[in-house]
């Protein structure tokens, strides 16, 4: 629900960015996801996308998202919304972006998307992780830096989710034991590679088709990780064409066992879903663990 507070906060963020006195002409509610509300805002300067939520429930969420979007955008590989700014007022936090108009998919959409993701993943860092924590959905995502991928994957991805599941009663001791049996074998699935800049939450709901008919990636959970994390997430719920994977492999070939490795990579997003939604996701986790 939009009110004077939302409009005031939006104008404050926009004026800080433009340095000009702004006036809101209109606002139209948009789908904002599970935890955010969103709107298209119109001023004399153009169209803007604003989303907001409870600042106490999700501290520094939009600051982290803004950093992640900028990090992706700075690579110049795939289209990413341009950040205007973020701010907070009376327990409400907001992120403002330039509004992205949607278009029709180009003929070579999937090939260019796959090639662009491979180029994105070529951007690297000295260690796995990031210089700040962020969120995956509405859950905190910890990015303490590690030299080894499997150490990072265990301590910053799997263990926090496993602890959350145990504390909430959504995971039992047998689930913990299954994970503990897997840990010594993780290196068998992940080829040793330099850290890749990953989107971190690359499912079909987190890309759109821009006005040029190209892929634009949104709502990231950015960090430097193993590139199989993005590949795995893209396959978890489907929606990506085989041409996407063929183009990716042509640009930067994956190891021969990559289809098995992505199941292991997807233990992280599946555990996130266990903690967010419960239901049958725990069964999917156990099925993967027992298979490998």
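Things to note:
- Model label points for residue 259 and residue 106, set 7 angstrom from Cα along the Cα-to-Cβ axis, are 2.9 nm apart.
- Using the alpha carbons alone, the radius of gyration of region 1-136 stands to its Kirkwood radius in an Rg to Rh ratio of 1.00.
- Per-bin percent of Cα-Cα distances, region 19-81 [5 Å]: 4, 14, 17, 19, 23, 18, 4
- Spherically averaged projected area of the convex hull of Cα atoms, region 144-194: 3.8 nm².
- Gain on full extension, evaluated as 0.36 nm per residue between residue 90 and residue 18 minus their Cα-Cα distance, stands at 23.6 nm.
- Full-stretch length increase - residue 290, residue 185 - with 0.36 nm per residue and alpha-carbon distance subtracted: 36.5 nm
- Remark: the residue 276-residue 194 segment gains 26.4 nm on full extension, using 0.36 nm per residue and subtracting the alpha carbon distance.
- Site pair residue 131 and residue 212 shows an inter-label distance of 2.8 nm when each label is modelled 7 Å from Cα along Cα→Cβ.
- All-pairs alpha carbon distance profile, region 46-108, 5 Å steps from 0, percent: 4, 16, 23, 20, 17, 10, 6, 3, 1, 0
- Cα-based helix-to-principal-axis angle, 109-121 vs the chain, degrees rounded to 10: 70 degrees
- In region 219-292, the convex hull through the Cα atoms has an average projected area of 5.8 nm², a quarter of its surface area.
- Computed over the Cα atoms of the chain, the ratio of the radius of gyration to the Kirkwood radius (Rg/Rh) comes to 0.98.
- Take the convex hull of the alpha carbons in region 109-214; its mean projected area over all directions comes to 8.6 nm².
Where a number appears in this text, it was derived from the coordinates with a stated rule and is not lab data. Given the structure is predicted, the values throughout are model-derived calculations rather than measurements. As a convention, Cβ positions derive from the backbone with ideal geometry for all residues, glycine included, and neighbour counts pool all protein chains shown.
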